[in-house]
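The values are calculated or read from the model by the stated rules, or taken from the named source; none is laboratory data. As the structure is a prediction and not an experimental result, all values here were calculated from the model. All Cβ positions, even for glycine, are placed from backbone atoms using ideal geometry, and neighbour counts span all protein chains on display. To get the accessible areas, we keep the full protein, side chains included, count just its heavy atoms, and leave off ligands, DNA and RNA. Shrake-Rupley method; radii C 1.70, N 1.55, O 1.52, S 1.80 Å.
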Amino acid sequence: MPISHRELSADELRRTCAPDTFKFQHTGELAVADEIIGQPRATRAIDFGIDIASPGYNVYVLGPAGTGRTTTIQHFLERRAATEPVPDDWCYVYNFAEPSSPRALRLPAGTAVRLRADMERLVDHLKVEIPRAFESEEYEKAQHQIAADLQKVQEEELTALGQKAGQQGFGLMRTPSGLVPVPVVNGQPMTPQAYNELSDEQRAKVDETRRQLEAELNDAARRIREREREARQKAQELDRQVASFACGPLIDELKAAYQDLPDVVDYLEAVRQDIIEHVDDFRPGEEGEATPQAMGVPVVAADSHLTRYKVNVLVDRSGLKGAPVVVESTPTYYNLVGRVEQQARFGAMVTDFTLIKPGALHRANGGYLVLAIKDVLSEPFTWEALKRALRNSEIRIEELASQYRLFAISTLEPEPIPLQVKVVLLGSPTLYYLLYSQDEDFRKLFKVRADFAVDMDRSGENVQEYAQFIAARCVEEGLHHFDRSGVARVVEYGSRLVEDQNKLSTRFGDIADLIREASYWATRNGHELVSGEDVDQAIREKVYRANMVEERIQELIKDGTILIDTEGEVVGQVNGLSVYTLGDYTFGRPSRITARTYAGKGGVVHIEREVKLSGPIHDKGVMILSGYLGGQYAQECPLSLSASLTFEQLYDEVDGDSASSTELYALLSSLSGLPLKQSIAVTGSVDQRGEVQAVGGVTHKIEGYFEVCRARGLTGDQGVIIPRQNVRNLMLRQDVVEAVREGKFHIYPVASVDEGLEILTGREAGVRGEDGTFPEGTIHYLVEHRLRELSKAGEKEEAEEEKQEASRTDSKREEASNVN
């Protein structure tokens, strides 16, 4: 009597989405939704990380690439940021007290640009007003009065001294070294000859008088210098008064405009004092004075001395609505924390505070910064700079090279800017766990973990959100809208991506690609709306672009180069199924697995393991086979067996345990002598009790074997054995479903090895009776019988070896006795 086992019906092979379940006609009728879809856990975590104000609660978003994390997080943060206040502007100005440390000013949004424009206008006005003030008649009169007073003092001093010298027979004579007293005779300076003709007493008197006059002349010169210094001070004070008069009203006007900003008022007062002290910078040079040049090029730029009155706007929020959201795709050290640029001038590198440039932290200050952790870690010094900024709550712009030079150099040290930002890192779970275990700062600074799942439940609500996602892509990218059949096919594709009838993929990058490609084919086909046919064509075309290797393997199988039987029965041979992934394309292919058994104690040997072509998970699966054999057949007598297993014509590394049940079927077939149907392929792992366990890639495996069978011709006997737990993972192509519906192909779900054996052999597996034996003729009976034969053969061989060893021992003893 033939043994029957459950087969899956066509309706169980894929979960379809009926177009009439949608209440709309096309996606153009739907509201565009930009919420995070299918990620309630991640959404709650991000909300928590954003809301909590305590330090260290930055967010690390875990999840594989392709889930649309970056775009989704950016849109989510932008919506949240739009409801928050616009943060302040930041600018750097000249520090008049310490020029090497530019001063940072915090201003309300939009104020920095206004301050910069006001300072530019101030300088332009002063370049006109100050020279005009110094050209006024009042200033000229005051200058002349100071000069006249000084000249009068000089004349009075010199006249008095000249009269005194004349009374003593001396006069004052100008020399290159200044005025000197000289004796006078008849109105003429005494000659050296006349001086030498004087008596000693007369010469001494002349010398004494000269010394007295020189002392008085020095005193007069000192008084004149004091008067000159006083005159210069008066002139300088006059210049300051004129400068103050010229700039005072303008600066007072600015101070009134910024009276609510004490830091700006202080800065403007410092500007006033500096202008007064350096008023000459605003006065034109003397006529004929030339600008220094080198090779015909000015060494100093025009008005370069007025650069210190500029305002370097670092961050301008004037056009912003809400808090900033910055996604930095190239997080180098300088792109993150900013830099001080330098300019080359005739072989020398020079800089000033106007060359300070912002980084991503400056632009995101007061808002949100999104970074890919892999990019951050791949850039030198960036990770440490980010942690330092978050730890200290400030952005400090430092010249990176100066930290590693042997000699200290003079450079700018801008005042640090307070930092208030939420950083969102995007990365893989592997990097998260690595950083968490190895980096103490990471644990303190990124306390919020947001897990992005790769799938979500295929509920009515989530299906509707899929439709809204399609609508959003169509609106944002100007694509054709989808009709209900097109949306239904995208939903089915979402289930196929995750290989689960009850789930939908959240890899929205792949879903978005399908939407774009389906819209393209709708255009080529002249359709106004994207239909299910257009979606199917987009899927077929995508497969065709990527499946060249799969087709080559199928050709090799078809022409017999790769040996795969799809008809007949063979002892110790079965078709196993494996999955290959090449880039973004995954496909299944069958492989011939063979087993040979013979007498010995070598146990189960897997050839791939012996030549190191297997991975650890596969090796574990092979060891489980020995556990099954021992538990099933060696309860009363020891297991004595030598067996070899291998994947024929497979030269790549093998890993995974999805072929362990297949290998067990081949092994039991070899032991029992019962042939296995080559028309049925097998996948599934097995435990030591013989229970078949779920495996991955079952949809691709079935389709791969179906292609081989279809190429050779479907006979109606071909099919695949899969684990019962994998039924929910089936999302097979429509052509496979139709073949099953027509009875040309079969899929058998099994829960145990016994079920699979019965399908492959057509015999009963057998169950031990109360006497502890299997029914005669069953599979397990034949296997056990063969194992006992092998065990007896092993015992006989062992006894023969012991007899030979005893004989050799007796011979050696006899030889030793004869020698004695």
Worksheet item: Is it the case that residue 670 is within 25 Å of residue 600 (Cα to Cα) and at pLDDT below 90?
Response: no
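Which is touching a Leu at 6+ places or on another chain (Cβ under 7 Å) and in a helix (DSSP H, G or I), of 516, 552, 545, 540?
After ruling out the rest, the residue left standing is 516.
Going by what's in this entry, would residue 381 be described as surrounded by fewer than 22 Cβ atoms within 10 Å (Cβ to Cβ) and either at pLDDT 95 or above or of a type in the set (Phe, Trp, Tyr) (or both)?
Yes, satisfied.
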Worksheet, complete the sentence: For segment 64-77 the number of residues that are in contact with a strand residue (DSSP E or B) (Cβ under 8 Å, 6 or more places away or on another chain) and either among the hydroxyl-bearing types (Ser, Thr, Tyr) or at pLDDT below 90 (or both) is 4
Discussion item. Exactly one condition in (1) without any contact (Cβ under 8 Å) to a residue 60 or more places away in the chain; (2) surrounded by fewer than 16 Cβ atoms within 10 Å (Cβ to Cβ) is false for residue 580; which is it?
Written reply: (2)
Worksheet item: Looking only at segment 421-446, which residues are part of a loop (DSSP other than H, G, I, E, B) and at pLDDT below 95?
Response: 428, 439
Worksheet item: Filter segment 362-378 for residues that are open to solvent by less than 10 Å² (accessible area, probe 1.4 Å) and small (Gly, Ala, Ser); which is farthest from residue 49 (Cα to Cα)?
Response: 364
Worksheet item: Of all residues in segment 447-466, how many are in a strand (DSSP E or B) and either aliphatic (A, V, I, L, M) or under 30 Å from residue 29 (Cα atoms) (or both)?
Response: 5
Worksheet, complete the sentence: The one condition residue 480 fails out of (1) in contact (Cβ under 8 Å) with a residue 60 or more places away in the chain; (2) surrounded by 22 or more Cβ atoms within 10 Å (Cβ to Cβ); (3) part of a loop (DSSP other than H, G, I, E, B) is (1)
Discussion item. Please determine whether any residue of segment 161-183 is open to solvent by 40 Å² or more (accessible area, probe 1.4 Å) and among the small types (Gly, Ala, Ser).
Written reply: yes
Discussion item. For the condition open to solvent by 10 Å² or more (accessible area, probe 1.4 Å) and β-branched (Val, Ile, Thr), what is the one hit in 783, 767?
Written reply: 767
Discussion item. Need pairs with beta-carbon distance below 7 Å; first residue open to solvent by 10 Å² or more (accessible area, probe 1.4 Å) and within segment 682-695, second part of a loop (DSSP other than H, G, I, E, B); sequence gap 6+ or separate chains.
Written reply: 691/751; 693/684; 693/687; 695/658; 695/683; 695/684
Worksheet, complete the sentence: Looking across segment 529-567 at residues that are over 38 Å from the mean Cα position of the chain (by Cα) and of a type in the set (S, T, N, Q), the single one that is surrounded by the most Cβ atoms within 10 Å (Cβ to Cβ) is 566
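Yes or no, residue by residue, for (1) in contact with a Leu (Cβ under 8 Å, 6 or more places away or on another chain); (2) open to solvent by 10 Å² or more (accessible area, probe 1.4 Å); (3) assigned to a helix (DSSP H, G or I); (4) free of Cβ contacts under 8 Å to residues at least 12 places away in the same chain:
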{"site": "658", "(1), (2), (3), (4)": "yes, yes, no, no"}
{"site": "676", "(1), (2), (3), (4)": "yes, no, no, no"}
{"site": "708", "(1), (2), (3), (4)": "no, no, yes, no"}
{"site": "726", "(1), (2), (3), (4)": "no, no, yes, no"}
{"site": "737", "(1), (2), (3), (4)": "yes, no, yes, no"}
{"site": "747", "(1), (2), (3), (4)": "yes, no, no, no"}
Item to complete: Restricting attention to segment 749-760, report how many residues are within 22 Å of residue 709 (Cα to Cα) and in a helix (DSSP H, G or I).
Response: 5
Worksheet item: Failed condition for residue 322, given (1) open to solvent by 60 Å² or more (accessible area, probe 1.4 Å); (2) modelled with pLDDT of 85 or more; (3) part of a loop (DSSP other than H, G, I, E, B), with all others met?
Response: (1)
Worksheet item: What number of residues in segment 15-44 are in a helix (DSSP H, G or I) and open to solvent by 60 Å² or more (accessible area, probe 1.4 Å)?
Response: 6
Worksheet item: Given the conditions (1) open to solvent by less than 70 Å² (accessible area, probe 1.4 Å); (2) among the charged types (D, E, K, R); (3) not in a loop (DSSP other than H, G, I, E, B), which single one is not true for residue 11?
Response: (1)
Fill in: Sole exception among (1) assigned to a loop (DSSP other than H, G, I, E, B); (2) of a type in the set (D, E, K, R); (3) in contact with a strand residue (DSSP E or B) (Cβ under 8 Å, 6 or more places away or on another chain); (4) surrounded by fewer than 21 Cβ atoms within 10 Å (Cβ to Cβ) for residue 652, by number
(3)
Item to complete: Please name all residue pairs, on different chains or six or more residues apart, with Cβ atoms under 9 Å, provided the first residue is in segment 192-212 and is among the hydroxyl-bearing types (Ser, Thr, Tyr) and the second residue is open to solvent by less than 90 Å² (accessible area, probe 1.4 Å) and assigned to a helix (DSSP H, G or I).
Response: 195/203; 195/206; 209/165
Discussion item. Could you list, ordered by first residue, the pairs with Cβ atoms under 6 Å in which the first is in segment 453-464 and under 15 Å from residue 496 (Cβ atoms) and the second is among the aliphatic types (A, V, I, L, M) and crowded, with 19+ Cβ neighbours inside 10 Å, at least 6 apart or interchain?
Written reply: 455/498; 456/504; 458/504; 463/491
Worksheet item: Would a scan of segment 213-220 turn up a residue that is open to solvent by 90 Å² or more (accessible area, probe 1.4 Å), in a helix (DSSP H, G or I) and either among the polar types (S, T, N, Q) or touching a Ser or Thr at 6+ places or on another chain (Cβ under 7 Å) (or both)?
Response: yes
Discussion item. When you scan segment 590-604, do you find a residue that is part of a strand (DSSP E or B), open to solvent by less than 30 Å² (accessible area, probe 1.4 Å) and aromatic (Phe, Trp, Tyr), even just one?
Written reply: no
Discussion item. Looking at the structure I just gave you, is residue 663 open to solvent by less than 50 Å² (accessible area, probe 1.4 Å), closer than 25 Å to residue 552 by Cβ, outside any strand (DSSP E or B) and not β-branched (Val, Ile, Thr)?
Written reply: no
Worksheet item: (1) part of a helix (DSSP H, G or I); (2) open to solvent by less than 60 Å² (accessible area, probe 1.4 Å); (3) of a type in the set (A, V, I, L, M): which one isn't true of residue 504, the others all being true?
Response: (1)
Fill in: Residues that are more than 22 Å from residue 355 (Cβ to Cβ), open to solvent by 30 Å² or more (accessible area, probe 1.4 Å) and aliphatic (A, V, I, L, M), drawn from segment 74-129
82, 86, 109, 128
Discussion item. Please count how many residues of segment 366-398 are touching a helix residue (DSSP H, G or I) at 6+ places or on another chain (Cβ under 7 Å) and free of Cβ contacts under 8 Å to residues at least 12 places away in the same chain.
Written reply: 1
Worksheet, complete the sentence: For segment 715-724 the number of residues that are under 13 Å from residue 683 (Cα atoms) and open to solvent by less than 20 Å² (accessible area, probe 1.4 Å) is 5
